[in-house]
Each structure stands twice: as structure tokens, then as C-alpha cells.
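Working notes for the structure below.
We did not get these values from a lab; they are worked out from the coordinates using the rules stated. Keep in mind the model is a prediction, meaning the values are calculated, not measured. Positions of Cβ are generated from backbone atoms using ideal geometry, with glycine treated the same way; all protein chains shown enter the neighbour counts.
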Amino acid sequence: MATAKTPRTSARRPRRGRAIALVLAALLIAALIAFWTPLNGYAITGASYGARVACSCHFVGGRSIGDCKKDFESGMELVTLSADDAAKTVTARFPLLASQTARLMPGEGCRLEPWKD
């Protein structure tokens with residue numbers, strides 16, 4: 001009985017898939033390096049804006065944090081909020097890039113906390 005030889009194309013497919021994955025990963029890393037400065041700037045700006053607006057909304061306006069998110073501009077869907085009612089602060093976070101906290105100051109309203117260098 002003769003057995004038919006099967007082509008070795010199945011062994012090539014995983015290698016081709018790995019090569020494509022490596023090229024895509026390299027392109028993604030290159031894009032992050034090229035656009036890091038503007039991306040980081042937008043993240044810091046979005047977190048700062050979110051913290052300040054949500055702090056005023058929550059502590060001055062008396063609304064819930066979830067309701068305060070309605071006041072955000074379009075494009076700020078990734079910004080998350082957390083409130084500390086005891087400390088009278090709201091922290092806004094842009095995933096993996098930025099975090100900013102605003103505090104209610106008596107007689108002054110909400111103010112962003114200084115950035116840490």
C-alpha cells in the first residue's frame with residue numbers, strides 16, 4: 001500500500017502567522033513612539049478636565065458621579081471617575097496614561113491638585 005505524501009504547507013502557516021504578528025507589533029510600537037507626546041498630552045488634559053468638572057458637579061452641584069459623566073465632551077468615554085466624599089476629592093483616570101485629582105476647597109470651589117514630577 002502506498003501512502004500519499006502531504007505537502008508541508010501546514011508547517012509554514014504558523015511561521016507566517018508569527019511573522020505577521022511580529023511585524024504588526026513592531027508597527028504598533030513605532031506608532032506609539034511617534035505619537036506618544038500628543039497622546040500623553042490628550043490623556044493629561046482629559047483627566048484634568050474630567051476631575052475638575054466632576055468635582056464641581058458632584059460637590060457643588062450635588063449630583064452623583066455617574067450623572068456628572070454626562071457633562072463630559074464627546075471623545076472622553078475612556079475617562080473613569082472615582083469620588084472620595086470624606087476627602088472631598090474626585091479622581092479622573094485615563095487608562096495607563098494619566099490620573100488627576102481635584103479637591104473641593106472651602107470658599108474657592110474645586111481646584112486641581114498640583115502635578116507630581
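What number, rounded to the nearest 500 deg cm²/dmol, is the helix-based mean residue ellipticity at 222 nm of the chain, given -39500 (n - 2.57) per DSSP H run of at least four residues and division by all its residues?
When only DSSP H runs of four or more count, the value is -15500 deg cm²/dmol.
Where Lys and Arg each count +1 and Asp and Glu each count -1, what net charge lies around V53 among other residues with Cβ under 13 Å from its Cβ?
With Lys, Arg at +1 and Asp, Glu at -1, the neighbours total +2.
Over what distance in Å are the Cα centres of the stretch 49-73 and the stretch 97-117 separated?
Computed from Cα coordinates, the inter-centre distance equals 14 Å.
Computed FRET efficiency, Cβ-Cβ of I65 and N40, R0 22 Å: what is it to the nearest 0.05?
That pair, I65 with N40, gives E of 0.30.
Give me the angle, in degrees from 0 to 90, between the Cα long axis of helix 9-55 and the longest principal axis of the Cα atoms of the chain, rounded to the nearest 10.
10
Ranked by Cβ crowding within 10 angstrom, fewest neighbours first, how are S74, S56, S64, S82 ordered?
Listed from fewest to most nearby Cβ atoms, that is S74, S64, S82, S56.
Which order do D71, D85 fall in if you start with the one that has the fewest other Cβ atoms within 10 Å?
Numbers: D71 14, D85 10.
Fewest to most other Cβ atoms nearby, the residues stand as D85, D71.
Strictly under 4.7 angstrom between C-beta atoms: which cysteines of the chain have no such partner?
Among the cysteines of the chain, none has its Cβ 4.7 Å or more from every other.
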